[in-house]
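**Q** Here it is, the structure, as structure tokens.
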Amino acid sequence: MCGIVAYIGPREAYPIILKGLKRLEYRGYDSSGVALLNNKLQVYKKKGKVAELEESLVGKDLHAHAGIGHTRWATHGEPSDRNAHPHSSASGKLAMIHNGIIENYTQLKTELIKKGYTFKSDTDTEVLLNFIEDIQKNNNCGLEEAVRIALKRVVGAYVIVLLDKDQPDTIIAARKGSPLVIGIGKGEHFLASDASPMIEYTKEVVYVNDYELAILKADELILKNLGNEKLTPFVQKLDMEMTAIEKGGYDHFMLKEIFEQPETIFDCLRGRLDAEKGVITMAGIQNNIEHLKNASRIIMIACGTSWHAGLVAEYIFEEICRIPVEVEYASEFRYRNPVIHKGDVIIAISQSGETADTIVAIEKAKEMGAFILGVVNVVGSSIARISHAGAYTHAGHEIGVASTKAFTAQLAVLTMIALKIAREKGTIDQTRYMHLLGGLHNIPEKVKEVLKGSGAIQQLALKYKDAGDALYLGRGYNFPVALEGALKLKEISYIHAEGYPAAEMKHGPIALVDEHLPVVFVATKDTYYEKIVSNIQEIKARKGKVIAVISQGDDIISKMADDCIIIPEADELLAPMLSVIPLQLLAYYIGVAKGCDVDKPRNLAKSVTVE
Ligand code: M6R
């Protein structure tokens, strides 16, 4: 969480930083601020979204060629002007932005208080900044050295970026655990949490690694480790276009991303799936096939929507690969002393590749000897780099805080991985294998069909927008889809929603059912169809309002449900890639109808980089 941007070079820094902050707002939007260095060091900050900061700065002298900016997701201290970044040091000589958490900040703060320091904010960031300044004073050293010494004492995760009034030609940054990208221009440097703020200025980027320090001048980039040894920056070509970060005529990024799914799933399959020849080409899987096919157990580790993708994959892997699968919340896995054996394979699933809970869980499993396969969307992200092998989902930049296109791309990749392993293991017969390959190949076209029904779903949203609660039910492959539908509704519309296996409903949640409760059934034609028909009857008998996502040609549920959303038929293993789409649309349209900020729901951030 939190987005950071910095610039040093011949251009005006403020407009670049402001635009960059708007692009990074998905990472947090409790408050924002900038520090501009131009003979004097000016710090401006404001509670609320970046637009509020912008408005408050109209008419101010913002001229500077070096600056830093921050958009915050609050951890220490409530969202307020005072707790917003950048923070200034006690002397006013330094300004700093921070993404992450300094875990031992209380101890550092106590030491500083004993020395007479006082604090203007409740943040861990201000503590670290004054700790750095104190080291500078005591050791009579430059900022770079002080940062290096300070970071040896720091426990936690951070990207920090500093400006020093006495060094107007320099920006200093360091990273451990949170993302940091440097853009290399001609006589200028950019720095940000992801590459989106620099995309129109340069295609040359360096991803900074943990425990590295970057010293940036307009025409020079020096990279060092904390032992003060110089490192050679690994310059990569940026594979991102402006269209990826624009709304492209849609009202919201979320809607754009929902509608991009035929292309994103296609991109994910492209070059990998040859349905006619019956071949799946995935180097990361092929090169490690022995590990994978001989796995004694697969553990899926993820959070949120990615965790739901892991649950769908559990059904798929167990069905066709005959390998036992467990699906773990990363945050729980890490702290409960898990039992890991050498033959275990961890599949870590993450859109951002920066989710702190998932990262620490991977590190734990790695220490214990597991093989880590990353299924990640953001190229070059932390999880992609710490995994032994992996497969990118290629869903493109996902900006809407609610994950949509990343989920269907995760399902596509996980299905291909399962099919490849099953084929190598011989646990799937040729006919089923070819049938599933063909089915997967046809998914993008079927998603287009589902999207054609968006108008009807918008109408449905108007009918149900005032519900206080909602229940989402599904069985088998569609059970995780029900969970995902409920999560989307909660996030976007703030309506309380629960997802359940449809059969589990009678063990408790059925007590909630009355004539006011909308119950969304994900009830496509599959092995569980007859059973779910009975579950629908049980809800109808108690006067619940049934909204059902059903397969084309269904003439049973269509007569029972209050409202139906019809989607094309698909093999049950592939159906979640279709059945989730109406639920994404329903949540979106309800959120919009209720006047919610669907791209930036309250209290959330896109990438959760704190544990
Ligand atoms: O980037 P990741 O996939 O690791 O993120 C995991 C969750 O934080 C994420 O899926 C979150 O639940 C979304 N807001 C869901 O829409």
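None of the figures in this text is laboratory data; all of them are computed from the coordinates on show. Remember, predicted model here, so these are calculated numbers, not experimental data. Glycine also receives a Cβ, built like all others from the backbone with ideal geometry; neighbour counts cover every protein chain displayed.
**Q** By how many degrees, between 0 and 90 and to the nearest 10, does the Cα long axis of helix 124-139 differ from the longest principal axis of the chain?
**A** 30
**Q** Looking at the chain, what % of its DSSP beta bridges pair antiparallel, to the nearest 5?
**A** Numbers: 66 of 107 bridges.
In the chain, approximately 60 percent of DSSP beta bridges are antiparallel ones.
**Q** Loop-only GluC sites (Glu not before Pro) in segment 447-540, please: DSSP not H, G, I, E or B, and at most 16 other Cβ atoms within 10 Å.
**A** On the way: sites: GLU449, GLU484, GLU491, GLU498, GLU504, GLU515, GLU530, GLU538; in loops: GLU515.
Taking segment 447-540 and a limit of 16 other Cβ atoms within 10 Å, the loop GluC sites (Glu not before Pro) found are GLU515.
**Q** Taking the beta-carbon count within 10 Å as an exposure proxy, list LEU223, LEU373 from fewest neighbours to most. Display every interim value, and only then the final one.
**A** Details: LEU223 19, LEU373 24.
If I rank by nearby Cβ atoms, fewest first, I get LEU223, LEU373.
**Q** Helix 105-114 versus the longest principal axis of the chain: what is the Cα-based angle in degrees, 0 to 90, to the nearest 10?
**A** 20
**Q** Next up: Rounding to the nearest 10 and keeping the result within 0 to 90°, find how far the Cα-based axis of helix 13-24 lies from the longest principal axis of the chain.
**A** It works out to around 20 degrees.
**Q** Can you tell me how segment 545-611 classifies by the Cα gyration tensor, rounded, prolate or oblate, using a/c under 1.5 as the rounded cut? If you can, show how the numbers build up before the last one.
**A** Values: a/c = 3.49, a/b = 1.76, b/c = 1.99.
Oblate shape, in that a/c is at least 1.5 and b/c is the bigger or equal ratio.
**Q** Does segment 247-451 come out rounded, prolate or oblate by the C-alpha gyration tensor, with a ≥ b ≥ c the root eigenvalues, rounded set by a/c under 1.5 and, if not, prolate when a/b is larger than b/c and oblate if not?
**A** Values: a/c = 1.99, a/b = 1.14, b/c = 1.74.
Oblate shape, in that a/c is at least 1.5 and b/c is the bigger or equal ratio.
**Q** Return the sequence-ordered ³J(HN,Hα) values of segment 371-383 in whole Hz as given by the Karplus equation 6.51 cos²θ - 1.76 cosθ + 1.60 applied to θ = phi - 60°, using x for Gly and Pro.
**A** Ordered by residue, 3J(HN,Hα) equals 8, 10, 10, x, 10, 10, 8, 7, 5, x, 6, 4, 5 Hz.
**Q** Right, something else. So which trypsin sites (Lys or Arg not before Pro) in segment 446-523 end up in coil per DSSP with only 14 or fewer other C-beta atoms within 10 Å? Let's see the in-between values first.
**A** Values: sites: LYS446, LYS448, LYS452, LYS463, LYS465, ARG475, LYS488, LYS490, LYS506; in loops: LYS452, LYS465, ARG475.
Answer by residue number: LYS452.
**Q** If each residue's Cβ is checked for other Cβ atoms within 10 Å, how do ARG270, ARG175, ARG27 rank with the fewest at the top? Numbers along the way, then the final one.
**A** On the way: ARG270 11, ARG175 25, ARG27 28.
Listing ARG270, ARG175, ARG27 from fewest to most nearby Cβ atoms yields ARG270, ARG175, ARG27.
**Q** Quick check on the exposure proxy: order CYS596, CYS268 from fewest to most C-beta atoms within 10 angstrom.
**A** Details: CYS596 19, CYS268 29.
Least to most surrounded, the residues fall as CYS596, CYS268.
**Q** Assigning unit charges at the beta carbon (Lys, Arg +1; Asp, Glu -1) and nothing else, what dipole magnitude in debye, to the nearest 20, does the chain show about its Cα centre?
**A** Working: 70 positive and 78 negative charges, 145 e Å.
It works out to roughly 700 debye.
**Q** Now, a different point. Would you list, by chain and number, the aspartates and glutamates whose Cα falls below 16 Å from the Cα of LYS446, excluding same-chain residues fewer than 8 positions away?
**A** Straight-line reach from LYS446, under 16 Å: GLU260, GLU263, ASP267, GLU569, ASP571, GLU572.
**Q** Straight-line reach from LYS224: which aspartates and glutamates fall under 12 Å, measuring Cα to Cα and dropping same-chain residues less than 8 apart?
**A** Answer for LYS224, where 12 Å is the Cα cut-off: GLU144, GLU145, ASP210, GLU212, listed by chain and number.
**Q** Can I ask one more? How large is the translational diffusion coefficient of the chain in µm² per second when you combine the Kirkwood radius over alpha carbon pairs with Stokes-Einstein at 10 °C and 1.306 mPa s? Mind showing how you got there, number by number?
**A** Working: Rh = 25.4 Å.
Answer from the Stokes-Einstein relation: 63 µm²/s.
**Q** Another question about this same structure. 5 Å is the cut-off here: which amide hydrogens, built 1.01 Å from N in the peptide plane, fall below it relative to SER31, excluding neighbours closer than 5 in sequence?
**A** GLY48, ARG72
**Q** Whole angstrom only: what separates the Cα centroid of segment 238-298 from the Cα centroid of segment 173-210?
**A** Taking the Cα centre of segment 173-210 as reference, the centre of segment 238-298 is 25 Å away.
**Q** Exactly which GluC sites (Glu not before Pro) in segment 246-284 are in a DSSP loop and have at most 15 other Cβ atoms within 10 Å?
**A** Values: sites: GLU246, GLU257, GLU260, GLU263, GLU276; in loops: GLU246, GLU260, GLU276.
Filter output for segment 246-284: GLU246, GLU276.
**Q** Using +1 at the Cβ of each Lys and Arg and -1 at the Cβ of each Asp and Glu in segment 293-428, identify which of ALA412, GLY353, ILE399 lies farthest towards the dipole's positive end.
**A** Value computed over the given set: ALA412.
**Q** Out of CYS141, ASN442, THR527, whose Cα points farthest toward the positive end of the dipole of the chain (charges: +1 Lys, Arg; -1 Asp, Glu; placed on Cβ)?
**A** CYS141
**Q** Another question, then. Using modelled amide H (1.01 Å from N, peptide plane; none on Pro or chain starts), what sits under 5 Å from the amide H of LEU231, excluding residues fewer than 5 places away?
**A** Placed amide hydrogens put LEU223, LYS224, ASN225 under 5 Å from LEU231.
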